[in-house]
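What follows is one structure encoded as C-alpha cells, with my remarks underneath.
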C-alpha cells in the first residue's frame, strides 16, 4: 500500500499471484509496469495517482482499478480476461501514446475521462462505457464488431480530432455520441453503426445531450461572480468574455469552480456573454458552457410635457422609487411626490397642491432616490 500523502518512486513493481497493491498517495514507476501473475489486482483510490514512465502491459487475469489518476506512455491489454477499470467522475486516464485493447480483454470506463493519442480495439476486445463516460483521443481504430458497448442507458461520448479507421462496426448503441472535430477524417463512416455522429464538432465531451458543463453568472456588488460545474473530470478551466464582434477574450485559466471578476475589467457593452471551457490533462477542449448577464442598467427618468398645464407624465426604469421635488423659480420647494418604476402621470403633489393651481412661469424638478442621491433635474414651464 502507498499511503495518502506519500510519494513513492520505484524502478519496477512485481505483483505475485493473487496479490493486491493499493495506491492512496502517489506512485511513480520509472520503467515499464507489467503485472503478469494470475489474479493480481492493482487499485488507485480517489485522490491517488500513478505515473508509469514506460509502458503498462496487463496480461492474463490481471485487473487494474483506477478511481484516481493513471498516466502511462502506452497502455496494452494483452492477455485473456485482463481488464482495466476507470471508475467515477474524478477518474482520469492519460496516455501520451496508444491504448491497445486486444482480443478477449476489456477496457471499462464508468463516468470517467480517458485521454490518449490513439485508441485501438482489436478482435473481440471491448470498450465498455457508461454513465456519461468520455473517450477523448486523437486517432481511433476499430478492428472488431461491436467494439464499443454502452451499458446503463445513459449517453456516453467518443471525441476524436485526427483520424478514425473503422474496419468493422463500432457499436449497436444509439447512446454513443461521437464528436468529430473540424478537419478530422474517417474511413468507412457507415461502420459507426448506431452511434450518433456530429461532424465539425467543437464541443468534445460536451457532445453529450446532457449538460456536461454548466455556468451561472450573478452580480455581487462591484464584481461579477461566475460559478460552474463539470460533470466529468476537467483538469483545468478557461474563462472567456465575448466582445462586441463575437471575439472571445480569455480572462483566466486554472483549476477551481468559481471566479470573481471586477466589472471595471470587462468591456463596455450593453451585456456580457461569459464562456467557461473545460480542459483535459493535455489542454484539449472537452466542453463549453455560456451564461449572459446584462451590463449595469443606465437609469433613465423622463418628465414631460413642458410647457405643462394640469398634469405631468413620467417614465422611470429603476427598481427603487424616485422622489420628485418641485421648486419655484425663486428656489422655494413647493412639494414632492414619490413615484415607482414604469410609466404614469400625476396632477397633485403629496401635500395636495394641484399642478393646475400653479401660476404660470418657470419651475424646477429635482429627482432623487430615497437615499437622497440626485438622479436628474428638469426645468419646466407652466402654461396659462
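The values are calculated or read from the model by the stated rules, or taken from the named source; none is laboratory data. None of the values given here were measured: they were computed from a predicted structure. Every residue, glycine among them, receives a Cβ derived from its backbone with ideal geometry; neighbour counts consider all protein chains shown.
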Worksheet entry | Scope segment 121-136; condition farther than 18 Å from residue 283 by Cα and either assigned to a strand (DSSP E or B) or under 27 Å from the mean Cα position of the chain (by Cα) (or both); matching residues | 121, 126, 127, 128, 129, 130, 131, 132, 133
Item to complete: State yes or no: is residue 129 under 18 Å from residue 74 (Cβ atoms) and either at pLDDT below 95 or in contact with a strand residue (DSSP E or B) (Cβ under 7 Å, 6 or more places away or on another chain) (or both)?
Response: no
Discussion item. Out of the residues in segment 267-286 meeting the condition of being surrounded by 17 or more Cβ atoms within 10 Å (Cβ to Cβ) and at pLDDT 75 or above, tell me which one is farthest from residue 132 (Cα to Cα).
Written reply: 272
Discussion item. Suppose we filter segment 151-176 for residues that are under 23 Å from the mean Cα position of the chain (by Cα) and more than 11 Å from residue 135 (Cβ to Cβ); how many remain?
Written reply: 4
Discussion item. Which residue is surrounded by the most Cβ atoms within 10 Å (Cβ to Cβ), if the candidates are limited to segment 13-41 and must be under 12 Å from residue 61 (Cα atoms) and touching a strand residue (DSSP E or B) at 6+ places or on another chain (Cβ under 7 Å)?
Written reply: 35
Worksheet entry | Qualifying strands (runs of 3 or more DSSP E) (wholly inside segment 161-244; at least 2 residues being modelled with pLDDT of 90 or more, within 30 Å of residue 258 (Cα to Cα) and touching a helix residue (DSSP H, G or I) at 6+ places or on another chain (Cβ under 8 Å)) | 176-180
Worksheet item: In this structure, is residue 201 buried (at least 18 other Cβ atoms within 10 Å of the Cβ) and under 18 Å from residue 89 (Cβ atoms)?
Response: no
Worksheet item: From the list 320, 285, which residue is closer than 30 Å to residue 97 by Cβ and under 50 Å from the mean Cα position of the chain (by Cα)?
Response: 285
Worksheet item: Counting only residues that are more than 21 Å from residue 284 (Cβ to Cβ), surrounded by 18 or more Cβ atoms within 10 Å (Cβ to Cβ) and within 15 Å of the chain's Cα centre (by Cα), how many does segment 226-258 have?
Response: 2
Fill in: Residue satisfying all of: in segment 121-132; touching a residue at least 24 places away in the same chain (Cβ under 8 Å) and closer than 21 Å to residue 191 by Cβ; surrounded by the fewest Cβ atoms within 10 Å (Cβ to Cβ) among these
126
Worksheet item: Across segment 46-61, which residue is surrounded by the most Cβ atoms within 10 Å (Cβ to Cβ) among those that are part of a loop (DSSP other than H, G, I, E, B) and either in contact (Cβ under 8 Å) with a residue 40 or more places away in the chain or not assigned by TED's automatic domain parsing to the domain that holds residue 18 (or both)?
Response: 48
Fill in: Residue list for segment 1-12, restricted to those being crowded, with 18+ Cβ neighbours inside 10 Å and within 19 Å of residue 62 (Cα to Cα)
none
Discussion item. Please pick out the residue among 259, 251 that is without any contact (Cβ under 8 Å) to a residue 24 or more places away in the chain, assigned to a strand (DSSP E or B), within 30 Å of residue 91 (Cβ to Cβ) and not assigned by TED's automatic domain parsing to the domain that holds residue 87.
Written reply: 251
Worksheet item: Restricting to segment 102-120, what's the tally of residues that are surrounded by 18 or more Cβ atoms within 10 Å (Cβ to Cβ) and either under 30 Å from the mean Cα position of the chain (by Cα) or not assigned by TED's automatic domain parsing to the domain that holds residue 66 (or both)?
Response: 13
